[in-house]
1. For a test of understanding, tell me how many lysine pairs in segment 4-151 have Cα atoms under 25 Å apart, given they are 8 or more places apart or on different chains.
2. With no solvent and one point per C-alpha, what does the Debye sum give as log10 I(q)/I(0) for segment 193-279 at q = 0.17, 0.18 Å⁻¹?
3. Looking only at Leu264, Leu45, Leu171, which one moves most when the chain is put into a Gaussian network model with springs between Cα atoms under 10 Å?
4. Using only the alpha carbons of segment 189-348, what is the convex hull's orientation-averaged projected area in square nanometres?
5. What's the FRET efficiency of Arg436 with Lys84 using the Cβ-Cβ distance as r and R₀ = 30 Å, to the nearest 0.05?
6. Whats the longest run of the chain with zero GluC sites (Glu not before Pro) that are DSSP loop and have at most 13 other Cβ atoms within 10 Å?
7. Given a cut-off of under 8 Å on Cα pairs at least six residues apart, what relative contact order in percent is computed for segment 1-148?
8. Any idea what the dipole of segment 89-184 comes to, in debye rounded to 20, about its Cα centre with Lys/Arg Cβ at +1 and Asp/Glu Cβ at -1?
Amino acid sequence: MYDYKIINAYVVTMNADFSVIEHGCVCVQGDSIAQVCCMSESYELEAQTEIDAQGSLLLPGFINAHTHAGMSFLKGYADDVPLKTWLFEHIFQVEKQFLNPDNVKTGAALAMLEMIASGTTCFVDMYYFVEETAQLCEHIGMRAFLSQAIADFAVADAASPDIAFAHLEKLMREYEQHDLVRIIPGPHSIYTCSAEYFKTARALANRYNLPLNTHLSETAEEYQNCMEAHGKTPVEYLADLGIFEGKTIAAHCVYVSETDTEMLAEKQVAVVNNAQSNLKLVCGIAPVPAMLEKGAKVCFGTDSAVSNNSLDMYAEMKTAALVHKFNSGNARAVNARQAVFMATRGAAQSLGIEHLCGSIEPGKKADLQMVNINQIHAVPLYNVYSHIVYALSGGDVDTVFVNGRCVYLHKQFQTIDEFDVMLQAQELANKIAVEREK
């Protein structure tokens with residue numbers, strides 16, 4: 001007797017063989033996938049709850065490898081300006097006044113609901129008041145790597161870097177054996193965090209066998225400043241500090257040399273492409289096809305809902321696939337199946353959690369999304385990967401499981417009242433708007 005039996009599903013396993021079962025059944029027991037089979041083999045399998053997919057796609061949940069979930073209460077606050085203006089003249093200023101545990105909790109809850117409703121089951125985050133987001137992950141039911149942002153100066157939740165590191169290690173120990181959450185170091189970037197604190201973060205991450213998460217070579221200005229100050233590219237600078245001697249997640253990597261690309265591949269750095277955010281803030285286009293050709297591990301992230309305005313990984317995949325084709329002059333670059341891989345099993349590989357999730361296989365955690373393709377824009381169907389990347393959107397997601405728990409059933413959240421979260425977010429936005437007008 002299984003807990004759940006999902007029948008009549010078009011199962012896109014994303015396993016090593018990229019197996020697809022057009023008339024499939026998946027059974028869930030506890031937190032894991034117990035059976036993956038054809039409908040013809042499933043009739044004797046029983047479960048406490050049976051869900052008829054009615055031909056819907058059943059995919060692994062997406063992994064959003066770079067977010068700032070707690071910032072979501074600022075979605076739409078500052079648009080149509082370049083990164084430096086956006087960050088220093090708008091975001092840092094409003095954060096000084098409104099960044100506190102309650103507001104981060106509101107933003108994080110809003111972000112998680114948006115991600116779940118669009119098929120994301122795991123995310124990598126960097127922000128402040130990490131424990132608030134961690135508690136929400138437990139309550140709502142979402143898998144996450146949550147990184148404490150580290151900088152050389154006082155930040156919202158720490159008066160000094162030393163205080164930030166002490167609190168970070170306490171949380172790392174507290175969540176070391178957690179089913180869903182890992183707390184990791186997040187030195188913000190080479191322009192906000194010194195070499196000393198980068199090294200401290202690396203040593204701390206290695207002590208717990210966890211990744212370090214950072215922003216890297218996002219803008220031409222960052223690249224040029226690093227060359228002038230150190231005579232090295234940002235990638236070379238961190239490599240020479242030993243920062244890649246351990247698991248590393250590096251968001252952006254827009255400006256990288258051929259040598260940088262080879263180094264990122266050699267050190268198995270998880271490079272996170274943020275195509276939409278990089279376009280919106282006019283940062284540039286990362287050479288993803290060249291990275292993939294060199295064997296680098298590249299996955300996708302939306303960045304924050306403030307620099308992107310959406311946490312929909314379907315939109316992120318489509319934008320990335322299109323922009324990298326155009327930028328490389330190669331229509332085959334980042335093809336549809338490759339894009340889906342980079343959002344699922346490829347991302348899990350990059351983050352070192354392929355043994356847990358990223359594909360639909362017996363023994364893996366039941367992180368699943370069911371997507372309705374019985375709709376006009378999803379007919380006809382020739383190639384399922386093409387459909388996922390080019391035709392579907394997050395709004396087509398119907399049901400989501402995380403760690404065997406059904407958190408979203410037929411477009412209804414099962415673990416939290418979304419209207420309360422939406423009301424809190426809008427009330428907070430109204431207060432911020434009033435202050436802005438003063």
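Laboratory data are not the source of any read-out in this text; all were calculated from the coordinates shown. Predicted model only: the values in this text are computed from it and were never measured. We place every Cβ from the backbone using ideal geometry, glycine too, and count neighbours over all the protein chains shown.
1. Details: Lys75/Lys84; Lys75/Lys96; Lys75/Lys105; Lys84/Lys96; Lys96/Lys105.
Lysine pair count for segment 4-151: 5.
2. The Cα Debye sum returns log10 ratios of -0.67, -0.75.
3. Largest GNM mean-square fluctuation: Leu45.
4. Values: hull surface 35.9 nm².
Its Cα hull, projected and averaged over all orientations, spans 9.0 nm².
5. Details: r = 20 Å, r/R0 = 0.67.
Efficiency computed from Cβ-Cβ geometry: 0.90.
6. Working: sites that count: Glu44, Glu46, Glu176, Glu245.
Of all site-free stretches, the longest is 246-438.
7. Across segment 1-148, relative contact order equals 22 percent.
8. Working: 6 positive and 15 negative charges, 31 e Å.
For segment 89-184, the charge dipole is close to 140 debye.
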